[in-house]
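Q: Below are the structure tokens for one structure; questions will follow.
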Amino acid sequence: MNALLQPEPTDADLAPGAEARLHQRLHQRLHQRVHLHLRGAVQGVGFRPWCAQQALALGLSGWVRNDAAGLQCELQGPAAALQAFTQRLRQSPPPLARIDALEQTPRALLTGEAGFRILASDAGAALATGLPADAAPCADCLDELFDPADRRHRYAFINCTHCGPRFTITQRLPYDRPNTSLAGFPLCPACECEYRDPMDRRFHAQPVACPACGPQLALWQPDGTPIAGVDPLAEAARRLAAGQILAVKGVGGYHLVCDATQDAPLQRLRAAKQRASKPFALLLPNVASARQWVELGTEGDDDAARLLASPAAPILLLPTRPGVAERHPLIAPGLSDWGLTLPAAPLHALLIHELLGRPAGSAWRETAQPTLLVMTSANPGGEPLVVDEAEAVARLGGLCDALLVHNRPILGRVDDSVRRPMRAADGGSVAPFFAPFVRRARGYVPDPIELPGVPADAPPVLATGAWMKATVCLTRGNQAFLSPHIGDLGSAACRHALVEAVQRLRDFLGVRPQRIAHDLHPDFFSTQHAQALAAEWGVPTLAVQHHHAHAAAVRAEHGATAPTLALLLDGVGLGDDGTPWGGELLRVSNAGFERLGHLPTLALPGGDRAAAEPWRLGAAVLHALGRGEAIAARFADQAGAGQIARLLARGLNCPPTPSAGRLFDAAAALLGLCPVQRHEGEAAMRLEALAGDHPATPWPDAWRIDADGRLTWPGLWTHLADAMDGPTAALAAAGFHATLVAALADWVAHHARVTGLHAVALGGGCFINRRLRNGLVAALAERGLTPLEARQAPPGDGGLALGQAALALDHLLGAHAAARLS
Ligand SMILES: [Zn+2]
Ligand SMILES: [Zn+2]
């Protein structure tokens, strides 16, 4: 790039007749040609038109095309313009693009090249990055959407190369219109022009559509009868304002929507969905509106706000502002966090616009607005999301007053993604801003998770997860593709969704897995399906212990190949000794793992039932403290309290569990919270909410680590049992978290000294607990240890398949290496 530094032509060059030659030499000195090769998420995200537009603006000639490995581009022109191009590439690439690698190679100048061309993809080359995730409407599309002069004014299916549905509308690859749910909507001449024009921002936007040629909205009665003669948007908004509940077809499935500021629809929704206390997600117009309700960080600390407004449009769990949760107790009963999302589809923005009385201009999109809508996934009782109209009428008709539907089919069922932003208390020496996934789905699937350290030509493997929060994972080379969240495999519909998810990933990636990993539990449907597929394909299986898989998922993301420690805190998973595990400290290598220790066990009176009834664990603690006679009085409102005391006394049907989840349940029950859980994790979430921001120091003499590295609770339970309820309960909840953090950090540090390992993989659903995670990350760092966290996959069971797949890859690659050596 230093052509400009070469000596300028001298007067001697200006001899008669040399003018043409001089001109050519000057041209050659000032012009350069460069070849760019980009890898990452660079296909299907509007990169080629972006290159063409930048090249035109900068006066560069050349071409761009997709190839098997990413995107290739050649540019020729003044050095300064080339520099400006690469600078824009780095600083403001297309919004949905992600550049993982950029190689630049100088090339010889071409003469006679005119303009910039978009070339067809390499014939026959399988595209490296097939399909982008769904993206919320971009600012340009929103400008048009609310511009009365625009031909897509108030058109719910507006999109462009930088935004719109992708994964959810695609039947098969390549990602071209005939393979999407827009196949049945031939383009009108105006849309066709935009689609074909390389300089248009809708060039090759597969779902491009307009009111003349695209899908349409309709409003239906609960029984599926169309409501004729109304503007569906205006009428839907009128009904929401009047307190009605609507089923609304979203990006990856139906939602139930109502006005969250009115009590009546909230109460009806809770009764209808039989979810007495499960928190409802909320839809808001913009970040400024969100700030009215939740803490979104202050100036210079806008990571959470940026994530909220990102194209993935996840639901973020954020702490409510003082007084907010108390004034709106029906939204997330007993919790201090609310789950918020901004419009993921133009339809959501349109509903808000209607509810606000169709304000003109764009100011309303930036300023705080009063609109607050419940938008909860409309899947009754853990069933997969409802995606089609007949199903919606059958399953949701009884829960809603009307359905806002449309005729663009959803081909990929995808829930909303949920993330929980957090920031370590020590100012973030480890991860300043961190937003682990509670659920990874819309907006993130099917983005691959890179596996550092795995060769690019590694054989593909499949993993089928476990039982709760099921996902499946398929790898291709050094990339892992995690399916969207499926749900718990207790229902036939979820089991069917798992089979479907495996097939869909295989169709997209076009690979044949050479090994299939599954959980150690023989009775899980995921295990049985893995075995059936393995038999069908004639490939071996690999059974993976649950907590080993949690550790492997985190290690894989970080590319850890050397042995590490792993602290796994979750509900339950089958151990390799045949007993249930759930609070584990492991030494993990690629070859296997060693159980260094586990949390002190608690009795589970009544077995599995205790997981749903935390008071039973509270009773077990009282029994262990020798206060069995207090059980009946302490849990007097629970039928069977006296009987449980007798069970405990005789040790009947009281299997021991080291589960961290049950530890939180027991603490919650002893502090008078949530004797019976109405949704998974409720007790732990309420315990964390109760602790709030109360400062706390660890209780003295609450834990001990013996010479063998065993962790025990000499005083933990006494503190909780004595705290009782009342005003001291909040302080006790905070004290419990602080004590647990210090005890776990000491325990890990002990084993770090013994093993000489200093990196600690943190896994399991408990790491969604902000207070536990923030405290533990800081406490481990203070002790000179390096925590490794789950960043791209959920730390809970939703990320398990990633770990299983990573271990299957290790086995396969290890076997290959061994075969080469012998
Ligand atoms: Zn757009
Ligand atoms: Zn059109």
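No lab work stands behind these numbers, since they all come straight from the coordinates. Just so we're clear, the structure is a prediction, and the values are computed from it rather than from any experiment. We place every Cβ from the backbone using ideal geometry, glycine too, and count neighbours over all the protein chains shown.
Q: Using only the Cα atoms of the chain, each taken as one equal point scatterer with no solvent, compute I(q) by the Debye sum, divide by I(0), and report log10 of the ratio at q = 0.11 Å⁻¹.
A: Cα-only, vacuum Debye calculation for the chain: -1.32.
Q: Mind listing the long-range amide H neighbours of Gln677? Cut-off is under 5 Å, sequence gap 5 or more, other chains count too, H placed in the peptide plane at 1.01 Å from N.
A: Here Glu613 satisfy the definition.
Q: Using +1 at the C-beta of Lys and Arg and -1 at the C-beta of Asp and Glu, which of Leu142, Pro232, Ala534 has the Cα lying farthest in the positive direction of the dipole of the chain?
A: Ala534
Q: Based on the alpha-carbon gyration tensor of the range 354-474 and its eigenvalue square roots a ≥ b ≥ c, which shape applies: rounded if a/c is under 1.5, prolate if not and a/b is larger than b/c, or oblate?
A: oblate
Q: May I pose another question? I'd like to compare 752-765, 332-345: which one has the highest average count of other Cβ atoms within 10 Å, and what's the full order after that?
A: Values: 752-765: 20.9, 332-345: 22.8.
My ranking of the peptides, most packed first, is 332-345, 752-765.
Q: Here is a further query. Could you sort the peptides 83-93, 346-356 by per-residue average Cβ neighbour count (10 Å cutoff), highest mean leading?
A: Answer by packing, highest mean first, reads 346-356, 83-93.
Q: Please report how far the C-alpha centroid of the range 544-583 lies from that of the range 681-751, rounded to the nearest whole angstrom.
A: The range 544-583 and the range 681-751 have Cα centres spaced 23 Å from each other.
Q: Nearest 10 degrees, 0 to 90: what angle lies between the long axis of helix 614-624 and the longest principal axis of the chain (Cα atoms)?
A: Tilt of helix 614-624: around 50 degrees.
Q: Could you work out the helix-only [θ] at 222 nm for the chain, with each DSSP H run of four or more residues adding -39,500 (n - 2.57) and the total divided by the number of residues, to the nearest 500 deg cm²/dmol?
A: On the way: 25 runs with 271 residues, N = 822.
That comes out to -10000 deg cm²/dmol.
Q: As I understand it, the value is the acute angle between the Cα axis of helix 525-537 and the longest principal axis of the Cα atoms of the chain; what does it come to in degrees, rounded to 10?
A: Taking Cα atoms only, the helix is inclined about 50 degrees.
Q: Using a simple charge model, +1 on the beta-carbon of Lys and Arg, -1 on the beta-carbon of Asp and Glu, nothing else, what dipole does the range 477-584 show about its Cα centre, in debye to the nearest 20?
A: 420
Q: Based on the mean of other Cβ atoms within 10 Å per residue, sort peptides 192-200, 170-178 so the most packed one is first.
A: Order by mean packing, descending: 170-178, 192-200.
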